[in-house]
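Below: one structure, written as structure tokens.
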Amino acid sequence: MNKFQKVMYLSSLILVLGNSSYGKERTFITKANGFSGEIKLETIMENEKIKDIKVISHNETSHIMSRAFPLMKSRILEANSPIVDSVSGATNTSTAIKRAVNDAYKKIGKDFGRITPKTKAPELPVAYLEPVNTDLVIVGGGPSGLAAAISAKEAGVKNVILIEKLDMLSGNGKFDMNFYDLINSEAQKKAGVEDSIDKFVEERKNPMDTLERTKAQAEGSWKLDKWLRGMGINLNHYYGNRGHMAEKDAYGGEEVQDGLEKRAKELGIDIRTGTQGLDLIIENGQAIGVKVKNKNNFYDIKGKAVIIATGGFSQNKELLKKYASGTELLQTSNQIGATGDFIPVFEKNKIKLENMDVVRIFPFIIAKTRDLTGGGDGFILVNKDGKRFTSESISMKDSLKVAQELLNENYYIYDQNLYESSYRLQKHTAKGFHIKANNLEELSEKIGVPYNNLKETIEKYNSAVRGETKDEFREKPSKKEFKMTGPYYAVEVESAVHMTKGGVAANEKAEVLNENNKIVPGLYAAGEVTNSSAAYSAAVVFGRIAGESAAEYINK
């Protein structure tokens, strides 16, 4: 060591020894804005190494934060850096976490630069890996995919691989308040409601569905509550019309999806998130696997059967324009993974698609957050002039027309009576998504509409409710007068594509059909990827059927 090197070494040593915090843990409290507000973190560091990250507070959707934060924490600790990949499906939440951690680094003199939603880990080189063999491969980790994996395992399939292109499981199900079309449930019985499979079939008959599929749905729904409760999934609140929530003040979707994920992990199912299905592997007309991609790794998963549970195409503007022109102009309330990835695959393999033009438009989402909102009859829709412009009772026939009208600035306003009757409205107000005002004048000021117009609008609305005048927009006026005393509430709304109802053709056993209406051996489908008039609970029902059918095929 020469003289200069000795001087530098001694200088460094003095700096280190002189720094009282060197070698000690230091805690930093930092914050950044996520999707729904501020995320505050506690970051514990020793020298320049992160030892731990904890959440102090946040306003994010609970089922997003509970899934995204552990993944982000793991990635940041492993890299010892905020320059990591975001959790797909939670980009804004992930970006806020990275920014808050970077601010902790700044406090010790280290800055990783500007963190944006596009900030990600260095890209890995492309690699083509050896094929993986299994018994059953399931593409899609939403309600139907998880139900399929669980039922296949319970039916004796030894090796099951489930892939999900996002970093989080449970698709759109984890956002749902309601679990519809459930019959013979403990909550239904407790409410004194008598129901039956035959009644379900008669009431749910739809030209989109074969009678055999409707019967299969009814029979599956009859057995579903018992199956869910066996996994610790309890839908205890029944509120009529076969609708269920976990409790009066707890969403059904979170309860169902948390339970399905937990059960899938308990069964040892090989779950591969961040892994996208690219194509089917079909040999001699039989489905034997899927080509997949994980980051820049490409490989085949080969098995004895395949279940497709990839959801619809609400997030794919090109497909919406192709099949349901006009709907591509709307936002969607569906999750980011609903891009119809396997529609081109079905077309290429001459697999039958049906009713691709049928789209479910949800009348009201919060314009800024895309959350479904609303709470039954008793609200008024007004434009920026404080005037009504359409019926609040929106039929499916007129949903696209009204949706296009709602592309402009419009408000959903309601009174204390409606607020008290709807948990969803209460929850959104508590999270700051809805505006609250003590009186009508204050409400008009907060949402920027003329007070006199708004007051006159409500008076005319109430006059029609009392039968004194004809409602200008509704064939039948509301049965509820709007209160003339506060408090009042409002939120800017628009309509959105909620679900695509058309999709791949599958029979009552969830077996996929080709363009000649013949069964494709080894190929099954469930959930929104299929042609179906049904929704959430049917995704779980047919996921379960798909798993059982695949197990029967594999084990024969």
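For the condition modelled with pLDDT under 95 and touching a helix residue (DSSP H, G or I) at 6+ places or on another chain (Cβ under 6 Å), what is the one hit in Phe4, Phe35, Phe28? I'd like the intermediate steps shown before the answer.
Values: Phe4 fails: touching a helix residue (DSSP H, G or I) at 6+ places or on another chain (Cβ under 6 Å); Phe28 fails: modelled with pLDDT under 95.
One residue alone meets the criteria, Phe35.
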Look through the range 154-173, keep the residues that are open to solvent by 10 Å² or more (accessible area, probe 1.4 Å) and outside any loop (DSSP other than H, G, I, E, B), and return whichever of them is nearest to Ile269 (Cα to Cα).
Glu154
Among the numbered criteria (1) more than 30 Å from Asn355 (Cβ to Cβ); (2) in a helix (DSSP H, G or I), which one does Met231 miss?
(2)
Run Asn334 past the list (1) open to solvent by less than 40 Å² (accessible area, probe 1.4 Å); (2) more than 20 Å from the chain's Cα centre (by Cα) and report the number of the one that doesn't hold.
(2)
Name the pairs: first residue in the range 238-260 and without any contact (Cβ under 8 Å) to a residue 24 or more places away in the chain, second residue open to solvent by 10 Å² or more (accessible area, probe 1.4 Å), Cβ to Cβ under 6 Å, at least 6 apart or on different chains?
Ala246/Glu255; Glu247/Asn236; Glu247/His237
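Having 2 or more residues that are of a type outside the set (A, V, I, L, M, F, W, C) and more than 23 Å from Leu162 (Cα to Cα) is the bar; report the strands (runs of 3 or more DSSP E) wholly within the range 470-536 that clear it.
Values: elements: 488-500, 511-513, 519-525.
In the range 470-536, 488-500 are the strands (runs of 3 or more DSSP E) which contain 2 or more residues that are of a type outside the set (A, V, I, L, M, F, W, C) and more than 23 Å from Leu162 (Cα to Cα).
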The range 221-239, subset under 17 Å from Glu194 (Cα atoms) and within 24 Å of the chain's Cα centre (by Cα), residue most open to solvent (accessible area, probe 1.4 Å)
Tyr239
I want to confirm something. Restricting to the range 187-220 and keeping residues that are under 20 Å from Ala246 (Cα atoms) and among the hydrophobic types (A, V, I, L, M, F, W, C), which single residue is surrounded by the fewest Cβ atoms within 10 Å (Cβ to Cβ)?
Ala191
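Against the definition (surrounded by fewer than 21 Cβ atoms within 10 Å (Cβ to Cβ), farther than 22 Å from Glu492 by Cα and hydrophobic (A, V, I, L, M, F, W, C)), how does Val306 come out, yes or no?
Working: surrounded by fewer than 21 Cβ atoms within 10 Å (Cβ to Cβ): no; farther than 22 Å from Glu492 by Cα: yes; hydrophobic (A, V, I, L, M, F, W, C): yes.
Here the answer is no, as Val306 does not meet what is asked.
Considering the range 540-556 alone, what residues qualify as being surrounded by fewer than 24 Cβ atoms within 10 Å (Cβ to Cβ) and touching a residue at least 12 places away in the same chain (Cβ under 8 Å)?
Filtering the range 540-556 for residues surrounded by fewer than 24 Cβ atoms within 10 Å (Cβ to Cβ) gives 548, 551-556.
Within the range 540-556, Glu548, Ala551, Glu552, Tyr553, Ile554, Asn555 qualify.
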Given the conditions (1) without any contact (Cβ under 8 Å) to a residue 60 or more places away in the chain; (2) on the phi < 0 side of the Ramachandran plot; (3) open to solvent by less than 70 Å² (accessible area, probe 1.4 Å), report the number of the one that Ser144 does not fulfil.
(1)
Residues that are polar (S, T, N, Q) and crowded, with 22+ Cβ neighbours inside 10 Å: does the range 505-523 have at least one?
no
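Where in the range 302-406 are the strands (runs of 3 or more DSSP E), entirely inside, with at least 3 residues that are among the hydroxyl-bearing types (Ser, Thr, Tyr), under 25 Å from Ser170 (Cα atoms) and modelled with pLDDT under 90? Walk me through it before giving the result.
Details: elements: 305-308, 359-366, 380-383.
Output list is empty.
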Would you mind finding the one in Ser537, Ser532 that is within 15 Å of Leu224 (Cα to Cα) and buried (at least 24 other Cβ atoms within 10 Å of the Cβ)?
Ser537
The lone exception for Glu459 - which of (1) more than 28 Å from Tyr251 (Cβ to Cβ); (2) part of a helix (DSSP H, G or I); (3) touching a strand residue (DSSP E or B) at 6+ places or on another chain (Cβ under 8 Å) it fails
(3)
Take the residues of the range 407-431 that are open to solvent by less than 60 Å² (accessible area, probe 1.4 Å) and part of a loop (DSSP other than H, G, I, E, B): which is nearest to Phe364 (Cα to Cα)?
Ser422
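Does Ile115 meet the test of being free of Cβ contacts under 8 Å to residues at least 40 places away in the same chain, in a helix (DSSP H, G or I), farther than 25 Å from Lys291 by Cα and more than 24 Å from the chain's Cα centre (by Cα)? Break it down stepwise before answering.
Details: free of Cβ contacts under 8 Å to residues at least 40 places away in the same chain: yes; in a helix (DSSP H, G or I): no; farther than 25 Å from Lys291 by Cα: yes; more than 24 Å from the chain's Cα centre (by Cα): yes.
No; evaluated as a whole, the condition is false for this residue.
The rows are residues; the columns are (1) of a type outside the set (A, V, I, L, M, F, W, C); (2) at pLDDT 95 or above; (3) open to solvent by 10 Å² or more (accessible area, probe 1.4 Å); (4) over 30 Å from Gln286 (Cβ atoms).
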site: Ser88; (1), (2), (3), (4): yes, yes, yes, yes
site: Arg114; (1), (2), (3), (4): yes, yes, yes, yes
site: Glu130; (1), (2), (3), (4): yes, yes, yes, no
site: Ala152; (1), (2), (3), (4): no, yes, no, no
Got at least one residue in the range 74-85 being at pLDDT 95 or above, open to solvent by 50 Å² or more (accessible area, probe 1.4 Å), of a type in the set (Ser, Thr, Tyr) and assigned to a helix (DSSP H, G or I)?
yes
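Scan Glu42, Glu48 and give me the residue that is farther than 28 Å from Gly141 by Cα, free of Cβ contacts under 8 Å to residues at least 24 places away in the same chain, touching a Lys or Arg at 6+ places or on another chain (Cβ under 9 Å) and among the charged types (D, E, K, R). Steps first, answer last, please.
Details: Glu48 fails: free of Cβ contacts under 8 Å to residues at least 24 places away in the same chain.
Step by step, each of Glu42, Glu48 is checked, and only Glu42 is farther than 28 Å from Gly141 by Cα, free of Cβ contacts under 8 Å to residues at least 24 places away in the same chain, touching a Lys or Arg at 6+ places or on another chain (Cβ under 9 Å) and among the charged types (D, E, K, R).
The values are calculated or read from the model by the stated rules, or taken from the named source; none is laboratory data. A quick note: this is a predicted structure, and the numbers were derived from the prediction, not measured. So basically every Cβ, Gly included, is an ideal-geometry build from the backbone, and we count neighbours across all protein chains shown. Heads up: the accessible areas ignore ligands, DNA and RNA and are worked out on the full protein's heavy atoms, side chains in. Shrake-Rupley method; radii C 1.70, N 1.55, O 1.52, S 1.80 Å.
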